[in-house]
1. Across the stretch 185-217, what is the total count of residues that are open to solvent by 20 Å² or more (accessible area, probe 1.4 Å) and touching a residue at least 60 places away in the same chain (Cβ under 8 Å)?
2. Can you find a residue in the stretch 115-127 that is surrounded by fewer than 20 Cβ atoms within 10 Å (Cβ to Cβ), in contact with a Ser or Thr (Cβ under 7 Å, 6 or more places away or on another chain) and not in a strand (DSSP E or B)?
3. Give me the pairs: first residue in the stretch 247-268 and closer than 22 Å to Gln35 by Cβ and among the basic types (Lys, Arg), second residue open to solvent by 20 Å² or more (accessible area, probe 1.4 Å) and at pLDDT 85 or above, beta-carbon distance under 6 Å, and six or more apart or on different chains, which are they?
4. Identify all residues within the stretch 86-114 that are modelled with pLDDT of 80 or more and assigned to a loop (DSSP other than H, G, I, E, B); write none if there are none.
5. Test Gly43 against the criterion of being modelled with pLDDT of 90 or more and either under 17 Å from Leu111 (Cα atoms) or open to solvent by 40 Å² or more (accessible area, probe 1.4 Å) (or both), and give yes or no.
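The values are calculated or read from the model by the stated rules, or taken from the named source; none is laboratory data. As the structure is a prediction and not an experimental result, all values here were calculated from the model. Cβ placement follows ideal geometry from the backbone for every residue including glycine, while neighbour counts extend to all protein chains displayed. Each accessible area value is taken on the protein alone, full model and side chains, heavy atoms only, with ligands, DNA and RNA left out. Shrake-Rupley method; radii C 1.70, N 1.55, O 1.52, S 1.80 Å.
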Amino acid sequence: MTGSDFRTAPSTAPLTGPAAPCWVTLMTRDLQAAQRFYSGVLGWTFRPGKVGAEFSVARRGDIPVAGIFAVSTAYQVAVAWTPYFAVADADVAAARVRERSGTVAVGPLTLGKGRGVLASDRDGASFGLWERTEPATSPPAPDDHAHTWLRLRTRNAFDAAIFYGEVLDWASGRPGCCDVAYEGDEVIVRCEGRPLARISSGAVEAAVDPLVRPHWQVQFPVADVPVTVAEAVREGGTLVEERTVVGGSEATLRDPDGALFTVTDVRGPVEAPG
């Protein structure tokens, strides 16, 4: 564990490393509509994926940044953004989730160049696990610019840090593992010395408001939050919440199909206390 001040870290971490978030996906009901929305709001382009006609890969320039899956309305699947964490062995990681009272909903399944698992922690926040089985062919993100970073809103940050630390080998001392720092009531996760995610307490499992229930918040960096919000509304999205944070501002949005995501103009997963 590290006790350094996360506010002084030079930049966000790219989504690489044995236990760092490596990917984010969107489950939606209309692939074409989702592509139009996120193309207009975030400037992404899309290419067909290799795991079926209802999957596409979003790109920023030549770099893949996210996956979008379309699911039939016949299935009761939540429309949502989900982070995936890289693991060395999907079977081992899935077993760790179960052993610690989490839930494995799907997998491990072979998908493209790896094996995936969809799970939830013991407070109900959904996340994925990803074991890469073939070498990556796409260029990595620049070292000074992450595709996205994360915030976990959970019932108890300390308890959640233990759960994810044991599942993902955080703070284990192994090469490439993420470090964990306890800062007051929050937990800061760093990869390669740079802030990657934060975990905060106060979520309520039975809350009606999805922003209050335990969940992983996916944050996308943008150049101008008000401009992005205005574009999202023009494209059929909804502004849910705006906040002033350390170094800038951020806004939580709902896309036309109901998926929540956050845009931010700060350089790392840092917000004002409270």
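1. 6
2. Taking every residue of the stretch 115-127 in turn, at least one turns out to be surrounded by fewer than 20 Cβ atoms within 10 Å (Cβ to Cβ), in contact with a Ser or Thr (Cβ under 7 Å, 6 or more places away or on another chain) and not in a strand (DSSP E or B).
3. Arg254/Thr238; Arg254/Val240; Arg254/Leu260
4. Within the stretch 86-114, Val87, Ala88, Asp89, Arg100, Ser101, Gly102 qualify.
5. The answer is yes for Gly43.
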